[in-house]
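Undergrad: Below you will find the structure I want to go over with you.
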Amino acid sequence: MSEEIIKDVIIGENEEYIINMGPQHPSTHGVLRFEVCLQGETVKYLIPHIGYIHRGIEKMCEAITYPQIIHLTDRMDYLSAHINNEAVCLCVENALQIEVPERVKYIRTILAELNRIASHQLWWSAFGMDLGALTTFFYGLRDREKILDIFEESFGSRLLHSFIMPGGLMHDVHPNFQKRIKEFIAYFRKKLPEYDQLLTGNIIFQNRSKGIGLMSRETAIAYGVTGPSGRGSGWSCDIRKIAPYSAYDKVQFNEMLETEGDTFARYKVRMREMWESMNILEQLVDNIPEGDYTAKMKPIIKLPVGEYFQRVETARGELAVYIVSDGNKTPYRIKFRTPNFSNLFVMNKITSGYKIADLVAVSGSLDLVIPDIDR
Amino acid sequence: MNSSISKYFSEMFKAIASLWAGMRITGKYFVSPGEIVTQQYPENRATLKMEERFKGEIIMPHDENNLHACTGCGICEMNCPNGSIEIITNRVPNAEGKPERVIDKHIYHLSMCTFCGLCVKTCPSDALAFGQEFEHAVFDRSHLTKVLNQPGSLLRKEAKK
Ligand code: SF4
Ligand code: SF4
């Protein structure tokens, strides 16, 4: 009898076993469960289980008006809240064929880029921490705080702003807005090289990320992996370049591409994007035109009957909004194509064959935000 | 054989150099107290000031005569996406004897509010504003349901359009 138990306990070299990573695992940054099938320490396959924080945002949107939808989109990818708001607003404005003032376009673009930097800072902090470098968490959050302070001064909230409204903005930005952004750029240009010294050149970090989680360009396209994760595989998928919206057609910037397709390539894309976002900010911040902060809107917004589609580039990839309207003040159906949902399901493909410790590195490099997956 | 040994040592020195580069940064901050960015929160309560636009809660500003600007129109209730506001009105005869709508209770559920700001933006008489209070911890959830118009308060007449 006791021998049998011992036999059960000692798992042979070739035997497979399944462990759960999550739903409460610090490196998944939210409630996500991976069912991981292992052979020894090697990952054979992995099944993501989602839905732990499903709130039915798409269904909820069918019962509320267009201005009210904005505050729900904040709560999908909360680290790109401005960009999510903008997606719905652009879609509604397209449907109504409203031309928003130039000032609004500039401010929206600035907010999107600030949001992108803040999001990448938090990702950098957490990614370093996932791989055992706790210091990065403090340094990244220290710099992110500067952006959140700018947000707080202008919109009153730090994470979920609900600031962009169909037709324009909620109210005008704070008079200090431009000054503080310029201060931030000067500050962060000095601090960003520290990130490289601290983590990029670190030998432990490099050994844990180079050549891990290889994703070919074909895989990225097949799974629809967009954003920095897709661009790390050499797939040029930046919506800001392909289909410019807001003020992106007025600025000069480069799309960041890396061809290696491993975890380190995705890391490099994001680091370079922070530099590029600062370049975009510098081009825009001094040229914000004067004018209204919102276009003339009717108090009750009703979209004409039809189907409307808009895509934007969030910090994690392509967010698409698809609205079917039956002419009422609420949408008949609204669908969000969120970047993280597609980015998550490539995990199985790019982690099989690697060790279980690499799982954390790969999922960190995809920069998953779980509420965006579950919606 | 020789080359593999020299490779082994050169990699080791590279590794030490990369670790040293990171340690220099942390060391620099360790010895420069001017760079401290954290706040001692409960101790600095007296001096802690939120930004003027900070969205802490919804308030209804009253002036020194206990007058507010709310007409009880219910537009904020209609615009709130999650039912955080309930308006209860009374019909009171005015000077000419015609019944007129006045606000009885403006009930605000802080526990459900998402601070979207739609009520403040859409109120036609600018009766609402964001308050700066952020310490909302209470022992019972019912304490988070508030009546915004103060007892005995009246409508400020000139505010009516
Ligand atoms: S607060 Fe404003 S919107 Fe709400 S009932 Fe009073 S006047 Fe109307
Ligand atoms: S801020 Fe938004 S959620 Fe809160 S009471 Fe006003 S409308 Fe409702």
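Undergrad: Might you let me know whether region B:43-59 holds any residue that is away from ligand 1 (no atom under 12 Å from the Cβ), out of contact with any His (no Cβ under 7 Å at 6 or more places or on another chain) and on the phi > 0 side of the Ramachandran plot?
TA: no
Undergrad: Let me ask something else. Just checking, does region A:298-319 include any residue being part of a loop (DSSP other than H, G, I, E, B), crowded, with 18+ Cβ neighbours inside 10 Å and of a type in the set (D, E, K, R)?
TA: yes
Undergrad: Would you be able to tell me the number of residues in region A:162-172 that are assigned to a loop (DSSP other than H, G, I, E, B) and facing another protein chain (nearest Cβ under 9 Å)?
TA: First, the residues of region A:162-172 that are assigned to a loop (DSSP other than H, G, I, E, B): A:162-163, A:166-167, A:170-172.
Filter once more, keeping what is facing another protein chain (nearest Cβ under 9 Å): A:162-163, A:170-171.
Of the residues in that region, 4 qualify.
Undergrad: Here is a follow-up. Which residue pairs have Cβ atoms closer than 9 Å, lie 6 or more positions apart in sequence or on different chains, and pair a first residue in region A:57-76 that is within 10 Å of chain B (Cβ to nearest Cβ) and acidic (Asp, Glu) with a second residue that is buried (at least 24 other Cβ atoms within 10 Å of the Cβ) and assigned to a loop (DSSP other than H, G, I, E, B)?
TA: Within 9 Å, the pairs are A:74/A:161; A:74/A:162; A:74/B:116.
Undergrad: Exactly one condition in (1) at pLDDT 80 or above; (2) away from chain A (no Cβ under 14 Å); (3) loosely packed, with under 15 Cβ neighbours inside 10 Å; (4) more than 16 Å from ligand 2 (Cβ to nearest atom) is not met by residue B:17; state its number.
TA: If we test residue B:17 against (1) at pLDDT 80 or above; (2) away from chain A (no Cβ under 14 Å); (3) loosely packed, with under 15 Cβ neighbours inside 10 Å; (4) more than 16 Å from ligand 2 (Cβ to nearest atom), just (2) comes out false.
Undergrad: Based on what the data block shows, is residue B:58 in contact with a helix residue (DSSP H, G or I) (Cβ under 7 Å, 6 or more places away or on another chain) and either more than 14 Å from chain A (Cβ to nearest Cβ) or not in a helix (DSSP H, G or I) (or both)?
TA: Yes.
Undergrad: Name every residue in region B:136-153 that is in a loop (DSSP other than H, G, I, E, B), closer than 17 Å to residue B:87 by Cβ and more than 13 Å from ligand 2 (Cβ to nearest atom), in order of residue number.
TA: Of everything in region B:136-153, those that are in a loop (DSSP other than H, G, I, E, B), closer than 17 Å to residue B:87 by Cβ and more than 13 Å from ligand 2 (Cβ to nearest atom) turn out to be B:149, B:150, B:151, B:153.
Undergrad: Here is a follow-up. Select, from B:66, B:79, B:94, the only residue that is within 16 Å of ligand 2 (Cβ to nearest atom) and either at pLDDT 85 or above or out of contact with any Lys or Arg (no Cβ under 9 Å at 6 or more places or on another chain) (or both).
TA: Numbers: B:66 fails: within 16 Å of ligand 2 (Cβ to nearest atom); B:94 fails: within 16 Å of ligand 2 (Cβ to nearest atom).
Exactly one of B:66, B:79, B:94 is within 16 Å of ligand 2 (Cβ to nearest atom) and either at pLDDT 85 or above or out of contact with any Lys or Arg (no Cβ under 9 Å at 6 or more places or on another chain) (or both), namely B:79.
Here's the yes/no breakdown for (1) within 12 Å of chain B (Cβ to nearest Cβ); (2) of a type in the set (A, V, I, L, M); (3) free of Cβ contacts under 8 Å to residues at least 12 places away in the same chain:
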residue	(1), (2), (3)
A:89	no, no, no
A:97	no, no, yes
A:126	no, yes, no
A:131	no, yes, no
A:148	yes, yes, no
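Undergrad: Turning to a different aspect of this structure: Given A:295, A:357, A:361, which one is farther than 26 Å from residue A:93 by Cα, modelled with pLDDT under 90, surrounded by fewer than 22 Cβ atoms within 10 Å (Cβ to Cβ) and not β-branched (Val, Ile, Thr)?
TA: Going through A:295, A:357, A:361 in turn, the sole match is A:357.
Undergrad: Name the single residue, out of those in region B:106-148 being on the phi < 0 side of the Ramachandran plot and among the aromatic types (Phe, Trp, Tyr), that is surrounded by the most Cβ atoms within 10 Å (Cβ to Cβ).
TA: B:108
Undergrad: I've got another one for you. Taking the stated definitions as given, is residue A:53 assigned to a loop (DSSP other than H, G, I, E, B) and more than 14 Å from every other protein chain (Cβ to nearest Cβ)?
TA: It is true that residue A:53 is assigned to a loop (DSSP other than H, G, I, E, B) and more than 14 Å from every other protein chain (Cβ to nearest Cβ).
The values are calculated or read from the model by the stated rules, or taken from the named source; none is laboratory data. The structure displayed is predicted, hence computed values, not measured ones. Glycine also receives a Cβ, built like all others from the backbone with ideal geometry; neighbour counts cover every protein chain displayed.
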